[in-house]
1. Give the label of the value calculated from the structure for volume of the Cα convex hull per residue in Å³, choosing from (i) 126; (ii) 149; (iii) 283.
2. Taking a cut-off of 17 Å between Cα atoms, list the aspartates and glutamates near Lys94, but don't count ones fewer than 8 places away on the same chain.
3. Build a GNM of the chain with springs between Cα atoms under 10 Å: which of Thr119, Thr108, Thr97 gets the top mean-square fluctuation?
4. Once you have the Cα-Cα distance between Tyr89 and Asn51, take 0.36 nm times their residue separation minus that, and quote the gain in nm to one decimal.
5. How much accessible area per residue does the chain have, in Å², with a 1.4 Å probe?
6. Pairs of Cα atoms under 8 Å, at least six residues apart: use those to get the relative contact order of segment 80-161, whole percent.
7. On the accessible surface of segment 3-50, probed at 1.4 Å, how many percent belong to carbon and sulfur atoms?
8. Estimate the FRET efficiency between Lys69 and Leu27 by the formula 1/(1 + (r/R0)^6), using the beta-carbon distance for r and 30 Å for R0, to the nearest 0.05.
Amino acid sequence: MNYFFIVIVFIILSFGMAFLAVKKNFLIYTIIALVLFWGILGTVGFRYFTNQQFRLSVDLKFRQVNQHKNLTDKNIPSLPLPESTVFYYRYSDKAATYCTTLGKGEVTNYFKRISDKDTFMKDSSSTDEREKFRFNYKNTPFTLSIETSINPQGNYIYIDSNTN
């Protein structure tokens, strides 16, 4: 709601400034330019909030995340995430889902490389659709699940700081 209010204020201010500052000869051109500008911006914003694939492609360019954080326990270290990873949603205070354009092998190798020595192992509950792994990072246990996304390329990464 706050973003909507801010955009409405900017629209009103831009048209108000056009009426006050622009000479009468150029007023119609300025209004047309403002309508086009706000129309394009509105279309992109609407598409961002209603089209999941568009939002993910924009986020992959502008809002990549570098680490997974546990929201409840500050003693748990932040887990570094691989490149080309964006936040998708949180399903608990300790766990979150991320989207990445990397393949399952690349994600697995990345977490195997950063895990503590000899702690990275495949979970027995893994399936073909969802591979599960357990590992320690800085002596803290984590659970990792990798599932193929609806994108032609890429995967969902589920990370849980499994401290219980």
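1. It is the value labelled (ii).
2. Filter leaves Asp73, Asp160.
3. Residue with maximal mean-square fluctuation among Thr119, Thr108, Thr97: Thr119.
4. Numbers: separation 38, 0.36 × 38 = 13.68 nm, distance 1.54 nm.
Taking 0.36 nm per residue and subtracting the Cα distance, the gain is 12.1 nm.
5. On the way: 11000 Å² over 164 residues.
Solvent-accessible surface per residue comes out at 67 Å².
6. Working: 149 pairs, mean separation 24.0, N = 82.
Relative contact order for segment 80-161 comes out at 29 percent.
7. Values: 3410 of 4160 Å².
For segment 3-50, the apolar C and S fraction of the accessible surface comes to 82 percent.
8. Details: r = 51 Å, r/R0 = 1.71.
In this case the efficiency is close to 0.05.
The values are calculated or read from the model by the stated rules, or taken from the named source; none is laboratory data. No experiment lies behind these values; they were computed from the predicted model shown. Please note: Cβ atoms are built from the backbone with ideal geometry, for glycine as well, and neighbour counts cover all protein chains shown. The area values use the complete protein model at the heavy-atom level, side chains included, leaving out ligands, DNA and RNA. Shrake-Rupley method; radii C 1.70, N 1.55, O 1.52, S 1.80 Å.
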